[in-house]
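Structure record follows, encoded as structure tokens.
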Amino acid sequence: MTEAVEELEQRITRLRTAVREAVLAGDRGRAGVLRRELRQAEQDWEDALTQVQQAGRDRELPAEPAESAVSTRPSLLPLREQVHEALSLLAVPAAPRLIATVHEAFFAVTFPTVRLTSMKRDEERSFRTAPFARPYYICAALTADLLAPARGLMAISTWPMERRVIGSLSPRVDFLTGAIRVAEAIERLPAPVLTARRLLWRFAASIPGAADSAASTNPHEVMQAALAELAVHQVTDQATRHAAARRARDQLDDAQQLFGTRIRLAAQARHAQARQSGRGG
């Protein structure tokens, strides 16, 4: 399995080089085809890496009869990799506090959320300096209307654009999806983990029919309740996200697709300032 990850990393490196050469040569058609192949290879890499991580945890974690307690020891992994682990588990854009809570619940370490703001700036600076030099970037979720950074939400660059844009129904859809992913992750644990159960209850408390109390929270019942509500919103939300994703791919460059555009927001601010000045005159 590790060999497959390494092969995909080599393929990603070759595709990044090919994309850069096509862009420099002005061959937009070939660049577009290569970008699609690159996104697919990056998604395959994500899936393969997740399988490797899960296999490693299955080997390392012994089954315990009592509930496991989380450790607050510092992680040896860089912060960006810890964020990547938590976001990969949720599979939806999330705020720093939820990211830290998920990592604490399932990976037994925590980190201060204030560090994530500077980390995201570092990620954008790294991408603009050397585009696609890393296998993935921690990037922004984008608003569906302005394609600007969604306040306080983080995502993974290798996710499809449709997952990274946020429409009016997306926060609820992502909340329900996150609840399902957390419930599934709990069912895979070899022993009950108190912090993970508490996290599941935080989701379940806001989903009708999911659970009556923290003590009665059942992962399968939470999944069923979340799926039932998800069926109500998902089609409309997907339509909004697909339309916004098409606009993003057509209108934004590579960096803007990951970190958003502030051009329209700046124009709006100038327009509002001009109107205010006009009233003053």
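The values are calculated or read from the model by the stated rules, or taken from the named source; none is laboratory data. These numbers come from a predicted model, not from an experiment. No Cβ is skipped: glycine too gets one built from the backbone with ideal geometry, and neighbour counts run over all protein chains shown. Side chains are part of the model used for accessible areas, which takes the heavy atoms of the whole protein and leaves out ligands, DNA and RNA. Shrake-Rupley method; radii C 1.70, N 1.55, O 1.52, S 1.80 Å.
Summarising the label geometry, the points placed 7 Å from Cα in the beta-carbon direction at A231 and R97 lie 3.3 nm from one another. Annotation for the range 156-195 versus the range 205-241: alpha-carbon center distance of 11 Å. Close amide H contacts of C139 (hydrogens built in the peptide plane, cut-off under 5 Å, sequence separation of 5 or more or a different chain): A155, I156, S157. Taking all protein chains together, T129, T236 sort by accessible area into T129, T236, largest first [probe 1.4 Å].
Residues in the range 117-216 average 44 Å² of solvent-accessible surface per residue, probe 1.4 Å, ligands and nucleic acids excluded. Here the range 155-236 exposes an accessible surface that is 55 percent carbon and sulfur, computed with a 1.4 Å probe and the other protein chains kept in place.
Placing a pseudo-label 7 Å from each Cα along the Cα-to-Cβ vector at R198 and R134 gives an inter-label distance of 3.0 nm.
Under the simplified labelling scheme, the H220-R249 pair shows an inter-label distance of 3.9 nm, with each label point 7 Å from Cα along Cα→Cβ.
Based on every Cα atom in the range 104-250, Rg and the maximum pairwise Cα distance Dmax equal 17.3, 51 Å.
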